[in-house]
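Shown next, in structure tokens, is the structure this report addresses.
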Amino acid sequence: MGIKALILEDDATLAKEVKSFLDSRGFDCEVVFDGDILFRMVKQHKFEIFLLDINVPQLNGLQVCKRLREEGFTAPIIMLTAYGDIQDKKDAFNNGADDYLVKPFHFEELILRINSVLRRGGKEETKANVLRVADLEINETDMIVKRGGKTIELTKKEYQLLVFLAKANGRVVSKQTIAEQIWDIHFETSLNTIEVYINFLRKKIDKEFTPHLIHTKPGFGYYLKNES
């Protein structure tokens, strides 16, 4: 499987040509036509490079670039745009872009730019330590939790419990296991504490959002999963 690239471009002909060219060079490309769709895609797949047009529907390319960086994505970003003014370039680099290519461009130059930013390195997204379940995002590096783009304030124990459930990857974890791992206790009488904290999390993570992600398997324990 080649390097996974996501192209944001609302010119269907150009998008098709860029995808075809890069696929022929061993890349694995996906194309989206507006910024909102892009953020749905990044919740489902990991991309190693982003190619962003600026003038697209919904979120424009600069807004997308800024938000990708704010949400912890560290893969290289190249802007592909008809805007060639120096201020446009400043805006792009100030918002986290790694390179800027003005249309019309030669595809051979595009591949040179891509190889350059990949060598410079972009760091892989996994180094940002971002856990995702549906629209829930847990940035372990900065200890920031967001759902639907909204920051969720958690206590230390609530955060630890949420991370523990997220890292179980949808598997059911028992109250006893949670107690031992998060509270370092080994006796049944304190297990009602787990129920209390699960309820705290549900109010903050699930109450105002759909689908609900925190589930109970009676007699077994709890799990975090998108079941919709």
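Per-structure values
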quantity: Residue within segment 99-110 that is modelled with pLDDT under 90, assigned to a loop (DSSP other than H, G, I, E, B) and out of contact with any Leu (no Cβ under 8 Å at 6 or more places or on another chain) present; calculated: yes
quantity: Segment 63-94, residues that are closer than 20 Å to residue 150 by Cα and touching a Leu at 6+ places or on another chain (Cβ under 8 Å); calculated: 64, 65, 67
quantity: Some residue of segment 74-90 being touching an Asp or Glu at 6+ places or on another chain (Cβ under 9 Å), assigned to a loop (DSSP other than H, G, I, E, B), open to solvent by less than 10 Å² (accessible area, probe 1.4 Å) and within 30 Å of residue 138 (Cβ to Cβ); calculated: yes
quantity: Test: residue in segment 137-151 that is touching a Lys or Arg at 6+ places or on another chain (Cβ under 7 Å) and either without any contact (Cβ under 8 Å) to a residue 12 or more places away in the chain or farther than 14 Å from residue 70 by Cα (or both); calculated: no
quantity: Condition check for residue 40: open to solvent by 70 Å² or more (accessible area, probe 1.4 Å) and not hydroxyl-bearing (Ser, Thr, Tyr); calculated: yes
quantity: Single residue of segment 26-44 satisfying the filter (farther than 13 Å from residue 114 by Cα and part of a loop (DSSP other than H, G, I, E, B)) that is nearest to the chain's Cα centre (by Cα); calculated: 43
quantity: Test: residue in segment 149-172 that is open to solvent by less than 40 Å² (accessible area, probe 1.4 Å) and acidic (Asp, Glu); calculated: yes
quantity: Scan of segment 50-65 for residues that are within 13 Å of residue 103 (Cα to Cα) and either of a type outside the set (A, V, I, L, M, F, W, C) or modelled with pLDDT of 95 or more (or both), ordered by number; calculated: 51, 52, 53, 55
quantity: Residue in segment 7-25 that is among the hydrophobic types (A, V, I, L, M, F, W, C), modelled with pLDDT under 95, surrounded by fewer than 20 Cβ atoms within 10 Å (Cβ to Cβ) and not in a helix (DSSP H, G or I) present; calculated: no
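The values are calculated or read from the model by the stated rules, or taken from the named source; none is laboratory data. Note that the structure is a prediction, hence the values are computed from the model and not measured. Neighbour counts are summed over all protein chains in view; Cβ atoms, including those assigned to glycine, are modelled from backbone coordinates with ideal geometry. The protein model used for the area step is the full one, side chains on, heavy atoms only, and it has no ligands, DNA or RNA in it. Shrake-Rupley method; radii C 1.70, N 1.55, O 1.52, S 1.80 Å.
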